[in-house]
1. Give the range 582-627 a look and list any residue that's farther than 26 Å from Ala189 by Cα, surrounded by 23 or more Cβ atoms within 10 Å (Cβ to Cβ) and out of contact with any helix residue (DSSP H, G or I) (no Cβ under 8 Å at 6 or more places or on another chain), or say none.
2. Please list, ordered by first then second residue, the pairs with beta carbon atoms under 6 Å, 6 or more apart or interchain, first in the range 253-271 and more than 27 Å from Gly205 (Cβ to Cβ), second acidic (Asp, Glu).
3. Which count do you get for residues in the range 339-373 that are of a type in the set (Gly, Ala, Ser), in contact with a strand residue (DSSP E or B) (Cβ under 6 Å, 6 or more places away or on another chain) and in a loop (DSSP other than H, G, I, E, B)?
4. Starting from the range 66-80, take each residue that is farther than 23 Å from Asp408 by Cα and assigned to a loop (DSSP other than H, G, I, E, B) and list its partners that are of a type in the set (Ser, Thr, Tyr) and open to solvent by 40 Å² or more (accessible area, probe 1.4 Å), counting only C-beta distances under 9 angstrom and pairs at least six apart or across chains.
5. Say we look at the range 344-363 and pick out the residues that are open to solvent by less than 30 Å² (accessible area, probe 1.4 Å) and polar (S, T, N, Q); which of these is nearest to Trp309 (Cα to Cα)?
6. Of the residues in the range 154-194, how many are modelled with pLDDT of 95 or more, charged (D, E, K, R) and under 21 Å from Val631 (Cα atoms)?
7. Out of all the residues in the range 504-514, is one or more touching a helix residue (DSSP H, G or I) at 6+ places or on another chain (Cβ under 9 Å), open to solvent by less than 10 Å² (accessible area, probe 1.4 Å) and on the phi > 0 side of the Ramachandran plot?
8. Would you mind stating whether Gly31 is at pLDDT below 85 and farther than 19 Å from Met404 by Cα?
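The values are calculated or read from the model by the stated rules, or taken from the named source; none is laboratory data. Fair warning: this is a prediction, and the values are worked out from it, not measured in the lab. With ideal geometry, Cβ positions are generated from the backbone for all residues, glycine too; neighbour counts draw on all protein chains shown. Heads up: the accessible areas ignore ligands, DNA and RNA and are worked out on the full protein's heavy atoms, side chains in. Shrake-Rupley method; radii C 1.70, N 1.55, O 1.52, S 1.80 Å.
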Amino acid sequence: MRQLFLGICFLGLTGILTAQQPVSYEQAFKGAPTNILKPLPMISKWIDGKHFLETRTENNVRKTYKVNAATGVAEEYTAPVAGSTSPAVPAIAVAGARNQTTSPDGKYFAYTKTDNNLYVQEIATKKEIQLTKDGNDSVLNGYASWIYFEEILGRASRYKAFWWSEDGKHLAFMRFDESGMPVFPIYVADGQHGSLENNRYPKPGDKNPDVKIGVVNLESLTTTWADFNAKEDQYFGTPVWTPAGQLWISWMNRGQDQLKVYKVDLTAGSKTLIYEESQKTWIDLDDTDRFEFLPSGKGFILRSDVSGWKHFYLHDMSGKRLATLTSGDFTVGAIHKIDEKAKRLYFDARKENSARTDLYSVGMDGKNMVRHSFGDYTFRGMTISLDNKQFITTYSNLQTVPTMVVVDMKGKILRELGTSKGTDINLYAQPKRELIRVKSGDGLFDLPVLITYPIGFDPAKKYPVIINIYGGPNAGTVYDTYRTNPAELWWAQEGLVQVSIDNRSSGHFGKKGMNFIHRQLGKYEIEDYMSAAGWLRKQSWIAGDRIGITGGSFGGYMTAMALTYGSDYFTHGIANASVMDWSLYDTHYTERFMDTPAENPEGYKATAVMTYADRLKGTLRIVHGTTDDNVHMQNSVQLISRLQDLGKQFEMMIYPNERHGIGANVRAKRDHLVAENASFFYKHLLNRPVPEVFWKKTERKAF
């Protein structure tokens, strides 16, 4: 389950400004501009130790400039013509092609078709070559089974399950056999008789697709199959092509606590073990940045959280570990540069404060770690000069708008390149924002809590609360960064205290914090939210009878748990597209944390909302799209049935033919949901009528 921030969860944890006037309804909910912020300069890259490239738009024409980092002097830049052995590839769409992808050498298009076979087309001759012949409704070649698309390859793959080698001579692909997998029917209520969508969706304990990995040699048009038993209960990660053209395959057992990385021989299909790892809880297979190869191709840097925190390790290409590059109670992030000559690694990490990101470097022997950024800020978009003497970055915190600067390696600002401060930033009333830490119930963690106070906050008054939540593993939302959301300003104007909370599994506390949720997904998370809500209730300015919470997907699950398991702490909630019982979600995501229902029956029972339905005493609204193919509406229906059997009152709103992100394709549905949420907040939290503007039919304008 990938993190889903519904557009309608408009209480986002974002920025706030100074001055006199309120935002309008059109600005808060219809996209009318506020001019609070403006774009920062468009910096692409350094071209030497002193100059970088910047793209500017002048008279509707885009131009690239070479800019002196020290002086700001700019001159129009024309890129040198690089020699190329690859012909220019025409932008031609192949009829019926899915995920059409050009080979790196520019000779072929690769794609799949609705017959679930894999094809290539010679670009020069337009000759089509069918690489597989056995595709059908159950066998998918180069096109992902749903469970791989959603949980392993990622939604950005658009179901693409084939990968070109860098020289364009080989094409790796996955073949999925869904025979014997259960079919989940989704009812579409259109027309007189309606229709069914039948999806191969494996739920915990169900059969997964059988997967084979093939490699096509484009010269001989032969396919070599990697030496894995397709019938084994297993998962494969996204294949990786090394700089030298080796194919590396990540393998994981069904229990997801063993990882093995193999080099696969492109001719024989035989495999050689490169790396292996085991953990008592789980290992994330869907990491897209596990390996970073050295520019020389003589080794790689591995990211692993086996220590309890994600860190960097240096290996040679045989897999032998050469050095531990980072260690300690902090989490590393992106690699920004590997300098093999100077033997230093440049990267960002959340070391000084888990709510901030800084730039660091460390020797390739793991010694002499240095912080290069400065102050109490979060840094984004670090770009290091070719001589490693300076870098460009954008810094901000809750009070500071994003500012782009050139900084030397000692953290000294050399020149400001731009600020995002807009022309009208001082026109709007500003609520106070504060990031605090609240102790967890067991005393083990200081939970990050972000509070946006109402405009004109008076501690002598009592205010209702709305908590916007997601809560899934490694999906924190509380960071010391400046963001702005006009809808948040609206609710601050209306008198809501807006709160975001990160639990122990959010990433702030590394894998060490996440391990608590193993085999009991949801229990510690809701208890951490209860601890934070308990702290809020003790504040004299909080209306304890109006503690609201809302979220979508995992956040919807947390909301439903809050109104049942945590009903002594939360009084109102809107649960959108929610998992209500983990036995109803998919295999790969759920079993990663919970194991199978047969292995962990008590864990599934202890984390199901239905188990605590008898505790509901507040106002719960359940919201779901009828054709949600990710979190099936079955979840909400089963909870509704349980609540009815118990004689419990609740609210329900369904959205016909809407998927997991309600209103993603039908704007009217999103507008309706926004208005319904607003009505809920006014009626139950603010205790006053909803303004007519929310339900007044207005013509949508292009702002």
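1. Within the range 582-627, Glu591, Arg592 meet the criteria.
2. Filtered contacts from the range 253-271: Gly269/Asp227; Ser270/Asp227; Lys271/Asp227.
3. Selection size over the range 339-373: 3.
4. Going by the 9 Å Cβ cut-off, the qualifying pairs are Tyr77/Thr64; Thr78/Thr64; Ala79/Thr64.
5. Residues of the range 344-363 open to solvent by less than 30 Å² (accessible area, probe 1.4 Å): 345-349, 354-355, 357-363.
Narrowing the set further to residues that are polar (S, T, N, Q) leaves 354, 357, 361.
Values: Ser354: 12, Thr357: 15, Ser361: 18 Å.
Filtering the range 344-363 for residues that are open to solvent by less than 30 Å² (accessible area, probe 1.4 Å) and polar (S, T, N, Q), the one nearest to Trp309 (Cα to Cα) comes out as Ser354.
6. Selection size over the range 154-194: 2.
7. Checked the range 504-514: at least one residue is touching a helix residue (DSSP H, G or I) at 6+ places or on another chain (Cβ under 9 Å), open to solvent by less than 10 Å² (accessible area, probe 1.4 Å) and on the phi > 0 side of the Ramachandran plot.
8. Values: at pLDDT below 85: no; farther than 19 Å from Met404 by Cα: yes.
No: the conditions fail for Gly31.
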